[in-house]
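Read the structure below first, then the notes.
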Amino acid sequence: MDYSICKALNQPNMQGIKRVIEMCNIACKWYKKFQHCMAESPYLNISFGLEILHAIGDFHIKGHVKDCYPQYSLRFIEGAGLINGKIMETLWSMLNDVSQST
């Protein structure tokens, strides 16, 4: 995940962007080691001054400890809007019927 985040944030279309929201199911744990991993690896880097906000989608945050909700919920990140942050999980009920044909 570290490599894919760094590659995405270093794309040419990212020039001029100062703030991003990184969202994953384990953002509360992952980001704590991200800075250390970047410092230790010659392959990992991001633009200086880029602010990375960490979030967990509504579908998954409800299963985390209570302290995660106010810190990582998209509902409390200014500019994030009211989105659930995921789409695949909401499609599972429809995909279950299709899965029998595979």
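Nothing in this text is a laboratory measurement; each read-out follows from the coordinates by a stated rule. This is a predicted model, so every value here is computed, not measured. Neighbour counts are summed over all protein chains in view; Cβ atoms, including those assigned to glycine, are modelled from backbone coordinates with ideal geometry.
Would you kindly state how much longer the chain becomes between residue 75 and residue 31 on full extension, computed as 0.36 nm times their sequence separation minus their alpha carbon distance, in nm to one decimal?
Values: separation 44, 0.36 × 44 = 15.84 nm, distance 1.91 nm.
So the extension gain works out to 13.9 nm.
Taking a straight line from the alpha carbon of residue 7, these aspartates and glutamates sit under 15 Å away, with near neighbours fewer than eight places off in the same chain left out: 22. Taking label positions 7 Å along the Cα-Cβ direction at both residue 40 and residue 9, the computed distance is 1.7 nm, reported to one decimal. Remark: region 33-40, residue by residue, has Karplus-estimated 3J(HN,Hα) of 9, 4, 4, 5, 4, 5, 5, 8 Hz, where x stands for each Gly or Pro and the curve is 6.51 cos²θ - 1.76 cosθ + 1.60 at θ = phi - 60°.
Treat the count of other C-beta atoms within 10 Å as a stand-in for reagent exposure and order 36, 54 from fewest to most. Numbers along the way, then the final one.
On the way: 36 9, 54 18.
In increasing order of surrounding Cβ atoms, one gets 36, 54.
Residues whose amide H comes within less than 5 Å of that of residue 53, counting only those at least five positions distant or on another chain, are 20, 21, 22 (H built at 1.01 Å from N in the peptide plane).
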